[in-house]
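A quick write-up on the structure given underneath.
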Amino acid sequence: MNAATLPIITAFESSPDQGQGMARDMRVRWALEEVGQPYDVRLVSFETMKQPAHLALHPFGQIPTYEEDGLALFESGAIILHLARRHTGLLPREADARARAVTWMFAALNTVEPPIVELEQAEYIAGDRPWYAELKAMLENRVRVRLAQLAARLGDADWLDSAFSAGDLMMVTVLRRAEDTGLLEDHLNLAAYVARGKARPAYQRAFADQLEVFVRSRPRAP
Ligand code: GTB
């Protein structure tokens, strides 16, 4: 793929997290950096995401999307799986190890991410309701259970299944979303796992690139 045909991803023109890398383009950027694939970014506003041109790429009007030659993908998991299969570096070669790495991708997306996102969303949706504190405690418990189970499986290993894989990339980005809850700190091994992921040069390049979007768009003081 030459410079004229770089893949293009979409990302928030103005991310609500102010460049903290919580939006899901971050995991796609990280995967692209891990495999050494240069890419372009098309920044979109919330309004643009709901227009027909973007809806043709993403039926739910969200980011990230991925375009490469005639192929258009949405869903961060599908995009990363595509990259991991097309390039070396994110999935082991050996078939069983490869299947286990894909299993961890799904576990991150289907089993660990939902309770974390539910806890986060509850505050937006019901933060002003009289029963919110009770709901929050229940949702926190669900996150606690998942984190304890994951921590038990990780043990003192560096990564979930021997070498770093797309499964770890996905899990680290999912766990980052729980950083503000304080619940990760109950498990030193999980906190260290996330730190290990964030220390990877590819993560740092991806993080810097998405932060740059925020820095460039920030209104300057008069
Ligand atoms: N399942 C899809 C995937 O994995 O790609 C989910 C995609 C998704 O949720 N996209 C969000 C989006 O486009 C951005 S990542 N939302 C706009 C909309 O639905 O209209 C979710 C997100 C957004 C912001 C923060 N933040 O500011 O902290 C964190 C996460």
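A few remarks follow.
- Here the Kirkwood formula puts the hydrodynamic radius of segment 43-167 at 17.3 Å, using every distinct Cα pair.
- Computed over segment 95-200, the alpha-carbon pair-distance distribution with 5 angstrom bins reads 2, 13, 23, 23, 17, 10, 7, 4, 1, 0, 0, each value a whole percent.
- When the alpha carbon gyration tensor of segment 173-222 is reduced to an equivalent ellipsoid, its three semi-axes come out at 27, 15, 7 angstrom, largest first.
- Segment Arg153-Leu188, length gained on full extension (0.36 nm per residue, minus Cα span): 11.3 nm
- Taking the average, over residues, of other Cβ atoms within 10 Å as the packing measure, peptides 162-172, 122-132, 99-109, 48-58 rank 162-172, 99-109, 48-58, 122-132 from highest down.
- Label-to-label distance for Asn141 and Ala78 is 3.7 nm, based on points extended 7 Å past Cα in the beta-carbon direction.
- Normalised by residue number, the volume inside the convex hull of the Cα atoms of the chain is 152 Å³ per residue.
- Computed extension gain for Asp180 through Phe46, at 0.36 nm per residue and net of the alpha carbon distance, reaches 45.8 nm.
- Counting only DSSP beta bridges with both residues in the chain, the antiparallel share comes to about 55 percent.
- Residue by residue, segment 11-22 carries 3J(HN,Hα) couplings of 8, 5, 5, 9, 6, x, 8, 6, x, 7, x, 7 Hz when phi is fed to the Karplus relation 6.51 cos²θ - 1.76 cosθ + 1.60 (θ = phi - 60°); x denotes Gly or Pro.
- One Cα centroid belongs to segment 40-95, the other to segment 187-222; the line between them spans 20 Å.
- By the helix-only formula, in which each DSSP H run with n ≥ 4 contributes -39500 (n - 2.57) and the sum is divided by residues, the chain has a 222 nm mean residue ellipticity of -17000 deg cm²/dmol.
- Full extension of the chain segment joining Glu94 with Ala195 gains 33.6 nm, where the gain is 0.36 nm per residue of separation less the Cα-Cα distance.
- Simple Cβ-charge dipole of the chain, Lys/Arg +1 and Asp/Glu -1, about Cα centre, in debye nearest 20: 180 debye
- Sites Asp17 and Arg205, calculated FRET efficiency, Cβ-Cβ separation with R0 22 Å, nearest 0.05: 0.75
Taken together, the values in this text are just the output of simple stated rules run on the coordinates, not laboratory data. Computed from a predicted model, the values in this text were never measured in an experiment. Reconstructed Cβ throughout: ideal geometry from the backbone, glycine too, with neighbour counts over all protein chains shown.
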